[in-house]
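The values are calculated or read from the model by the stated rules, or taken from the named source; none is laboratory data. Remember, predicted model here, so these are calculated numbers, not experimental data. Because the Cβ atoms are built from the backbone with ideal geometry, glycine has one as well, and the counts that use them run over all protein chains shown.
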Amino acid sequence: MANIARFNVLDNALDDLMRGFFVRPMNYEPTAPAQLRIEVTEDDKSYSVRAEIPGVKKEDINVGVDGNQVEISAEVKNEKTIKDGEKLLRSERYYGRVYRAFALDQDVDETATQARYADGILELRLPKKASAAAKRIAIQ
């Protein structure tokens, strides 16, 4: 006959919670690396892309278009220093590169592409390439 043991869910959940609580390092101000968030919309003639890249100079942003592939990258340099008189209280820095690449349904006309960067928002207008009419092949 099997032994029957009483199982209390609350005790085990509390034990699991407390087991790792004091072992993990605690960080009060999480510093997540910069991310590049994008929004892509489409109409009959073009695609519109809005990318959030705050705190970056427009010279540090690179945009590449190859067929239906779009690449956006930027060099991010974040520095934040808080001083109190002559004594440095806190200094936070982040240097890195953000990168996004995605494919669109249709090829893009690279010659008519427009880009604008203002207030931390990169706006791209990517006109669709006119697709060649299907050629009918005569069967002999």
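Got at least one residue in the stretch 74-88 being within 22 Å of L36 (Cα to Cα), assigned to a strand (DSSP E or B), modelled with pLDDT of 90 or more and in contact with a Leu (Cβ under 9 Å, 6 or more places away or on another chain)? For the stretch 74-88, residues within 22 Å of L36 (Cα to Cα), assigned to a strand (DSSP E or B), modelled with pLDDT of 90 or more and in contact with a Leu (Cβ under 9 Å, 6 or more places away or on another chain): present.
If only residues of the stretch 89-116 that are of a type in the set (D, E, K, R), out of contact with any Leu (no Cβ under 8 Å at 6 or more places or on another chain) and in a strand (DSSP E or B) are counted, the one that is modelled with the highest pLDDT is R97.
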